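Notes for the one structure printed next.
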Amino acid sequence: MAPLVKTLQISTKEIQDPDVITKCAPRTYDIVYLRVVQYTVLHIFAAYGLYLGITEVKWRTVISFCIFLLASIVGITVAAHRLWSHKAFKATMPLQVALMLCNSIAFQSTAIDWIRDHRLHHKHSDTDADPYNASRGFFFSHIGWLLVRKHPLVLNKGKTVDMSDIYNNPVLKFQQKHAVVVIGLCCYVIPTIIPMYFWNETFSNAFFTNVLRHVIGLHLAFSVNSFAHLWDYVTTHLSAFGVTVGAHRLWAHKAYKATLPMQVVLMLLNSLAFQSTAFEWIRDHRLHHKYSDTDADPYNASRGFFFSHIGWLLVRKHPLVLKKGKTIDMSDIYNNPVLKFQQKYAIIVIGLCCYILPTLIPMYFWSETLTNSFFTNILRHVITLHATFSVNSVAHLFGTKPYDKNIKPVQSLFVSFASNGEGYHNYHHVFPYDYRAAEFGGWLNISKAVIDILAKFGLVYDLKMASESVITARIERTGDLNAL
C-alpha cells in the first residue's frame, strides 16, 4: 500500500537535473510513519520520566542522569562533530573507543551516518542538499527532517562526500557493525541497570528518566540545526523582554511582582539588551511619565521625531531633566539587591551578557566564525535599541488616541509588533500601572503573554489591571471616540 504523503508541486528543473542545488524548491514529503510513532512514543516516555524525576527518583539517579547526559553531549560535540566530522584534532585509540561509547550513549544514529550527514550539511548548508535544511523552517530543521524520507539531492550529493577516513576507522567500523548491541547497551540497558543494581531504584524510575535523558540530548543536538540559525532572532526577543517585561513593567511601573530568581533572569536579559543600566533606564522612564512631552521629559517628543527617537542620547540632558530627575522616588530600585548588583558590576555583567556570551556561544556550539558571530550580534543589539526607541518616537506621534485625546502618546500596531507589545501607548500613559500595557492584550502583546505564563508557574504574582468600568469611564471622559 502506498504511503500517505503531503503532495506539493515539484520543480520541473529539479526533476530534470538532479545536480541543480535548489534552496527550498517545492517537494513531496514522504512521511515515514514508523519514525513518527517512534519519536511520539519516545517523547511520551520522556514526559513521564520528567514527572517521575520531579516526584519520585532518588538523588543518586539524578546524578546518574546528569553523568550520562554529559557523556552523551561529549559523544556528539567532542567526538562525532569535532574529532571525526571536522578532523579538528586527533585522538589516541583508547580515547576514540571511550568517545565512541559516549557517542553510543547519545544514540543519534551511528557515528558514520551522523558524520556523513554533517559533512553534507556543511558542504551544502541550507539548500535542498542539506539533510536538515533550515530554509524549510524551524520544525523541519529541528526534527521534521527525521520524519520524512530524504530529499533526492541529499541522497545524490551524499554519495559525493569523502568518507574514506571514517570508513577506515576501526572504532567506528566496530560501532557500525555491532550497532544494535553497542548502542542498545550504552544508550538504554546500562543507564537503566546501574541505578537498579547499585541503589535499588525501581525499573520505572530508572528507565523513564533515562529516556528523558536521551530525549534532552537529542533536542540539544537538534537545536544546532534549528536554533543556531535562529540564534539572533531568539536573543533579540529575549533582550526585548529584559526591557519590556523587566525594566518597564516590573521595575519602572511595579505592575506586578516577581520572585528573586525571576528577577535575576530578567536582570540578565536586561543586560543582554544593554540600554544603560536598569537604574538609569527606570529613572528616566519614571521621569518621562511624570513630565511626558515637556522639557523635563528625557525623550521629549515635542522636539520632534529624531530627538525623541535617538537624538536625546546624543546631547547633554536639559537642565529640567537633571533637576526633576532628582525628585523621582527611586528608593524601591536602590534597595533592590538584583539591580544593585547589576549597577555595581555593570561593565562585567553587561559586557558578558550583551557582547561576549552572544558572540562566543555560536562560535563554540556550532563553529560560527568570529566575524559572523560578532557582527550579527551587533545587529541584534541595534535592532533591539531601535525597537525601544520607536516607543518614544513613533508611539508619541503617529496613531490614534481612544483613551485620552489630550496627550501625545498614541496607539500604534507597528510599534506593538516591533517592541513585543509596547505600542498601545495611549492606553499605557493613561493606565501605566496595568501590567498588560493595553486594554485587550492582543496577539501583538507578546510581553503580556510571557507575564501570564510566568504567573501560571508562580514566578510572578500580584498582577495589576485597570478595571473595565474605570477604562470605560475614562474613554467617555477624555477619549477620541472617532478612534474606537
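At-a-glance table
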read-out	value
Scan of region 331-377 for residues that are of a type outside the set (Ser, Thr, Tyr) and under 25 Å from residue 83 (Cβ atoms), ordered by number	360, 361, 362, 363, 365, 366, 368, 370, 372
The one condition in (1) in contact with a Leu (Cβ under 8 Å, 6 or more places away or on another chain); (2) assigned to a helix (DSSP H, G or I) that residue 141 fails to fulfil	(1)
Qualifying residue in region 351-364 (condition: at pLDDT below 95, touching an Asp or Glu at 6+ places or on another chain (Cβ under 7 Å) and either under 30 Å from residue 261 (Cβ atoms) or in the same structural domain as residue 292 (by TED's automatic domain parsing) (or both))	yes
Which listed residue, of 464, 448, is in contact (Cβ under 8 Å) with a residue 12 or more places away in the chain, farther than 18 Å from residue 395 by Cβ, of a type in the set (Lys, Arg) and not in a strand (DSSP E or B)	464
Of all residues in region 111-129 being over 23 Å from the mean Cα position of the chain (by Cα) and outside any helix (DSSP H, G or I), the one that is nearest to residue 154 (Cα to Cα)	129
Where residue 261 falls short, out of the listed (1) surrounded by 15 or more Cβ atoms within 10 Å (Cβ to Cβ); (2) touching a residue at least 24 places away in the same chain (Cβ under 8 Å); (3) in a helix (DSSP H, G or I)	(1)
Neighbours by Cβ (under 7 Å, 6+ apart or cross-chain): first from region 299-323, among the β-branched types (Val, Ile, Thr); second surrounded by 15 or more Cβ atoms within 10 Å (Cβ to Cβ) and part of a loop (DSSP other than H, G, I, E, B)	321/296; 321/298
Qualifying residue in region 440-459 (condition: surrounded by fewer than 20 Cβ atoms within 10 Å (Cβ to Cβ) and closer than 24 Å to residue 290 by Cβ)	no
Selection from region 264-295 of residues that are more than 25 Å from residue 345 (Cα to Cα) and surrounded by fewer than 21 Cβ atoms within 10 Å (Cβ to Cβ)	289, 290, 291, 292, 293, 294, 295
Failed item in (1) part of a loop (DSSP other than H, G, I, E, B); (2) over 20 Å from residue 396 (Cα atoms), with residue 280 passing the rest	(1)
Qualifying position, being in contact (Cβ under 8 Å) with a residue 12 or more places away in the chain and either over 34 Å from the mean Cα position of the chain (by Cα) or at positive phi (or both), among 224, 215, 182	182
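Yes or no, residue by residue, for (1) exposed (fewer than 15 other Cβ atoms within 10 Å of the Cβ); (2) closer than 18 Å to residue 219 by Cβ; (3) among the charged types (D, E, K, R):
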| residue | (1), (2), (3) |
| --- | --- |
| 134 | no, yes, no |
| 137 | yes, yes, no |
| 151 | no, no, no |
| 160 | yes, no, no |
| 169 | no, no, no |
| 174 | yes, no, no |
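The values are calculated or read from the model by the stated rules, or taken from the named source; none is laboratory data. This is a predicted model, so every value here is computed, not measured. Positions of Cβ are backbone-derived with ideal geometry, glycine not excepted, and every protein chain shown enters the neighbour counts.
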